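Structure, as structure tokens:
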Amino acid sequence: MTKRFKIPVHLAVIMDGNGRWAKKRNMPRFMGHVEGAKSVRAVTEACVELGIKYLTFYAFSTENWKRPKKEIGFLMKLLNNYIDSEFSTMMKNNVRFHTIGDISRLPGGLAKKLEETKKKTSKNTGLNLILALNYGSRMEILAAVRQVADDVKNGRLSPDALDEKAITERLYTKGMPDPDLMIRTSGEMRISNFLLWQLAYSELYVTRVLWPDFRKKELLKALKEYSGRERRYGGVEAK
Ligand code: FPP
């Protein structure tokens with residue numbers, strides 16, 4: 001693939017619209033998730049080809065536990081199958097796997113499988129693939145603030161030394177660059193408790209395309225738009 005576009009170092013994605021995709025076709029919601037998982041594969045593959053270094057998918061939020069038990073069970077099964085079927089591709093494509101969020105609450109040996117996959121891919125040096133699972137940004141920030149309070153209380157950190165880095169280092173995303181671009185599908189203009197700290201200066205791209213229809217062609221459209229954006233980080237245009 002030719003690199004016609006400016007390539008973000010870190011791309012973050014809110015995958016939305018699986019349910020609507022299925023409903024439009026008179027299919028049960030879970031079929032939307034099955035097709036959505038295919039988009040995860042397609043977008044990951046395209047990011048490997050493009051040389052993107054970090055790719056984060058919002059796969060399951062802390063709020064998603066409010067969904068019907070059957071749908072949650074299906075999503076967990078899909079995730080399980082995804083890890084099983086994608087592991088060899090990850091190794092082949094030099095992909096390093098990570099998660100953000102509290103995975104200890106995930107059912108049926110899934111947490112163990114995710115930890116094993118992280119460990120087995122930890123020497124890979126290509127794309128860093130990050131799944132946000134049982135992830136909520138306010139919870140993440142709160143946990144970081146608690147750690148800071150604890151460190152101050154125990155004399156490990158002086159309040160005067162408290163800076164942005166002190167928070168950044170205590171987030172799940174420790175060591176990862178902030179997203180340059182965040183894509184949200186299905187037209188909703190919300191951040192939905194996703195990477196609130198990390199998205200401070202990210203470019204946002206919202207498309208009405210539903211996630212199961214978001215494949216390489218749509219990704220290239222988003223990158224084309226991103227390439228035309230000028231990032232000023234609160235400063236002024238460079239002359
Ligand atoms: C949003 O669509 C999608 C989710 C909450 C789950 C995302 C999961 C997948 C794409 C599939 C499995 C993931 C992996 C990593 C294999 P929605 O159900 O909220 O759609 P709606 O807003 O149209 O109802």
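Observations on the model:
- Selection over the range 1-31 of residues that are more than 9 Å from the ligand (Cβ to nearest atom) and either part of a helix (DSSP H, G or I) or modelled with pLDDT of 95 or more (or both) gives a count of 14.
- Subset of the range 32-71 (residues that are within 11 Å of the ligand (Cβ to nearest atom), of a type in the set (Lys, Arg) and either crowded, with 21+ Cβ neighbours inside 10 Å or assigned to a loop (DSSP other than H, G, I, E, B) (or both)): Arg67
- Among the numbered conditions (1) more than 19 Å from the chain's Cα centre (by Cα); (2) more than 17 Å from Leu50 (Cα to Cα), the only one that Leu106 does not meet is (1).
- Selection from the range 205-239 of residues that are touching a residue at least 12 places away in the same chain (Cβ under 8 Å), of a type outside the set (A, V, I, L, M) and assigned to a loop (DSSP other than H, G, I, E, B): Thr207, Arg208, Phe214, Arg215, Arg229, Arg231, Tyr233, Gly234
- Residue within the range 150-171 that is at pLDDT 95 or above, under 19 Å from Leu131 (Cα atoms) and within 16 Å of the ligand (Cβ to nearest atom) present: no
- Comparison of Ser104, Ser122 shows that the only residue that is free of Cβ contacts under 8 Å to residues at least 12 places away in the same chain and among the polar types (S, T, N, Q) is Ser104.
- Any hit, the range 124-133, residues being more than 11 Å from the ligand (Cβ to nearest atom), surrounded by fewer than 17 Cβ atoms within 10 Å (Cβ to Cβ), farther than 30 Å from Asp163 by Cα and more than 19 Å from the chain's Cα centre (by Cα): no
- Applying the condition of being out of contact with any helix residue (DSSP H, G or I) (no Cβ under 6 Å at 6 or more places or on another chain) and among the β-branched types (Val, Ile, Thr) to the range 72-96 and asking which residue is nearest to the ligand (Cβ to nearest atom) yields Ile72.
- Among the residues listed as Leu162, Leu196, the single one being surrounded by fewer than 16 Cβ atoms within 10 Å (Cβ to Cβ), more than 24 Å from Lys53 (Cβ to Cβ), of a type outside the set (Asp, Glu) and touching a helix residue (DSSP H, G or I) at 6+ places or on another chain (Cβ under 8 Å): Leu162
- Pairs with Cβ under 6 Å, 6+ apart, first in the range 139-158 and in contact (Cβ under 8 Å) with a residue 24 or more places away in the chain, second surrounded by 11 or more Cβ atoms within 10 Å (Cβ to Cβ) and not in a helix (DSSP H, G or I): Glu140/Leu171; Glu140/Tyr172; Ile141/Trp197; Ala144/Arg170; Ala144/Leu171
- Residue within the range 104-115 that is within 16 Å of the ligand (Cβ to nearest atom), on the phi > 0 side of the Ramachandran plot and either open to solvent by less than 50 Å² (accessible area, probe 1.4 Å) or among the hydrophobic types (A, V, I, L, M, F, W, C) (or both) present: no
The values are calculated or read from the model by the stated rules, or taken from the named source; none is laboratory data. All values derive from a computational prediction rather than experimental measurement. A quick note on method: Cβ atoms are made from the backbone with ideal geometry, for glycine too, and the neighbour counts reach across all protein chains shown. Heads up: the accessible areas ignore ligands, DNA and RNA and are worked out on the full protein's heavy atoms, side chains in. Shrake-Rupley method; radii C 1.70, N 1.55, O 1.52, S 1.80 Å.
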